[in-house]
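The values are calculated or read from the model by the stated rules, or taken from the named source; none is laboratory data. Note that this is a predicted model, so its numbers are computed, not measured. Methodologically, a virtual Cβ is constructed for each residue, glycine included, from the backbone with ideal geometry; neighbour enumeration extends over all protein chains shown. SASA here: full protein model, heavy atoms, side chains in, ligands and nucleic acids out. Shrake-Rupley method; radii C 1.70, N 1.55, O 1.52, S 1.80 Å.
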Amino acid sequence: LALKNNDIDYIAWSISPAFIIGIQMDPEFGVKQSAERGFFYLGYNMRPERRSFGYNETGEDVGKPLRRAIAHCIDKQTIVQRLLQNFGIPGDGPISSIDPLYNSSIRKYPFDPEEAKVILRNAGYQLTDPGQEPGNGNWWLNPDGSPIGNGEGGLIKILTPPMSYDPIRCHASMMIASQMQDIGLYAEHISMDFGSIVNRLDQRDFDMYILGWRIGSDPTDYLYSFFHSSNSEIGRASCRERV
């Protein structure tokens with residue numbers, strides 16, 4: 001809006017997809033488009049204190065079936081089509097498919113809520129009402145009967161920036177939480193400012209969150225920051241599912 005009002009001369013940042021078509025059609029503006037290897041991602045707290053999502057005290061990854069089930073609750077194609085208006089690509093890992101380093105054989109998790117239920121059943125997850133189908137109100141519990149989330153009543157909180165900061169990630173979080181509820185995972189989208197999310201991550205006080213990663217260096221250094229073992233003590237120990 002400031003650009004249209006001649007209050008500024010140039011925007012050196014990504015434009016919200018909702019504005020792109022209008023700007024492209026306006027002869028007063030020029031738009032430069034380039035491929036971005038950055039991504040939005042969903043992260044989990046995999047520390048033993050939040051053992052539902054990752055490792056227990058003995059180092060066993062007990063949360064893997066849950067993460068696999070949640071991966072099948074993410075409708076990436078709809079996120080790209082509706083929220084990004086096709087100005088994006090569904091991702092399957094931390095390396096973009098436009099990158100020469102991309103491994104096309106990486107395991108993919110299509111949107112399949114029924115498969116998510118099968119994964120949880122086969123892994124021994126329990127239901128609050130075993131006689132009913134899982135769904136909104138009939139929630140899954142851990143195999144040992146404990147609640148999955150750390151919120152009140154076992155709520156799984158998905159932290160995300162507010163609508164005013166990033167409507168795409170905010171809407172995506174709402175969609176994922178809704179799909180998780182539909183298969184019986186008691187999840188809720190929690191919007192908070194970016195600084196508060198970072199503080200919660202640093203304090204390891206979270207279940208799940210959605211943030212993004214811009215890649216401004218070449219060669220890229222983010223894989224080292226994310227995954228190298230030297231960062232294990234100070235890192236957030238979170239598994240990232242590319243959104």
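Looking only at the range 73-86, decide whether some residue is open to solvent by less than 80 Å² (accessible area, probe 1.4 Å), assigned to a loop (DSSP other than H, G, I, E, B) and either modelled with pLDDT under 95 or farther than 19 Å from HIS171 by Cα (or both). Scanning the range 73-86 turns up at least one residue that is open to solvent by less than 80 Å² (accessible area, probe 1.4 Å), assigned to a loop (DSSP other than H, G, I, E, B) and either modelled with pLDDT under 95 or farther than 19 Å from HIS171 by Cα (or both).
Yes/no matrix, rows are residues, columns are (1) closer than 24 Å to PRO94 by Cβ; (2) of a type in the set (Gly, Ala, Ser):
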position	(1), (2)
LYS4	no, no
ASP9	no, no
SER14	yes, yes
GLN24	no, no
VAL31	no, no
PHE39	yes, no
LEU42	yes, no
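Select from the range 9-22 the residues that are under 23 Å from PRO161 (Cβ atoms) and open to solvent by less than 80 Å² (accessible area, probe 1.4 Å) and list them in ascending order. If the condition is that a residue be under 23 Å from PRO161 (Cβ atoms) and open to solvent by less than 80 Å² (accessible area, probe 1.4 Å), then ILE11, ALA12, SER14, ILE15, SER16, PRO17, ALA18, ILE20 are the ones that fit. Scanning the range 23-60 for residues being of a type in the set (Lys, Arg), free of Cβ contacts under 8 Å to residues at least 12 places away in the same chain and surrounded by 10 or more Cβ atoms within 10 Å (Cβ to Cβ) gives a total of 0. Listed by first and then second residue, the pairs linking a residue in the range 176-191 that is in a helix (DSSP H, G or I) to a residue that is of a type in the set (Ser, Thr, Tyr), with Cβ atoms under 9 Å apart and 6 or more places separating them unless they lie on different chains, are MET180/TYR186. Please go through the range 130-176 and give me each residue that is open to solvent by 70 Å² or more (accessible area, probe 1.4 Å) and charged (D, E, K, R), ordered by number. Correct list: GLU133, ASP144, GLU152, LYS157.
Determine whether SER173 is part of a helix (DSSP H, G or I), of a type in the set (Gly, Ala, Ser), free of Cβ contacts under 8 Å to residues at least 40 places away in the same chain and touching a Ser or Thr at 6+ places or on another chain (Cβ under 8 Å). Criteria met by SER173.
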